[in-house]
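Read through the structure below, which is laid out as structure tokens, and then see the notes.
All of the numbers you see were taken from the coordinates with simple rules; none came from a lab. Every value quoted in this text rests on a predicted model; they were computed, and no experiment measured them. Cβ placement follows ideal geometry from the backbone for every residue including glycine, while neighbour counts extend to all protein chains displayed.
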Amino acid sequence: MNGGLPLPTPIGSPVGKRLYSPDTDAAQGVEDEPPVAKEITMADASRNRGPADPARVNLEDRLERLYWCRKWGVSEMQLRAAVKAVGDSAAAVDRQIQRKKLDGNIGRN
């Protein structure tokens, strides 16, 4: 016996939630099922993120390299060259890439 205390509710149980029942809800005039919230998975979260530190260009992280290459319209090799020339500050790399684009030495592949 638990001394009159309520038992813990299992995670994910429908306590406090109204469940849709086609039999009873159809009889009461409810035609559609309630909307279901989409759960974000780890894969979804990693695809939607930008750089962890937007002030720094992190060449070690593949997704961050891809982000910066797309942002500036350069190849990975061009991004690496710009970081090597001016350091990992995003502002400095941006200036370097824009300067190279104006000179005609860098651009979309």
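List of remarks:
- If R0 equals 25 Å, the separation of the Cβ atoms of Leu66 and Ala91 corresponds to a calculated FRET efficiency of about 0.80.
- Relative contact order of the range 57-109, pairs being alpha-carbon contacts under 8 Å that are 6 or more residues apart, as %: 33
- Shown in residue order for the range 69-81 are the 3J(HN,Hα) couplings computed by the Karplus curve 6.51 cos²θ - 1.76 cosθ + 1.60 at θ = phi - 60°: 4, 5, 4, 9, x, 10, 7, 4, 5, 5, 4, 4, 5 Hz (x for Gly and Pro).
- Computed 3J(HN,Hα) for the range 88-98, one whole-Hz value per residue from the Karplus formula 6.51 cos²θ - 1.76 cosθ + 1.60 where θ = phi - 60°, is 9, 5, 4, 5, 5, 5, 4, 4, 4, 5, 5, glycine and proline marked x.
- Other-chain or far-sequence residues with amide H under 5 Å of Arg56's (modelled H): Ala90
- In range of the label at Asp103: residues from the range 65-84 whose backbone nitrogen is under 17 Å from the point 7 Å along Cα→Cβ: 74-75, 77-84
- Order by protection proxy (mean Cβ within 10 Å, highest first), peptides 95-101, 70-76: 95-101, 70-76
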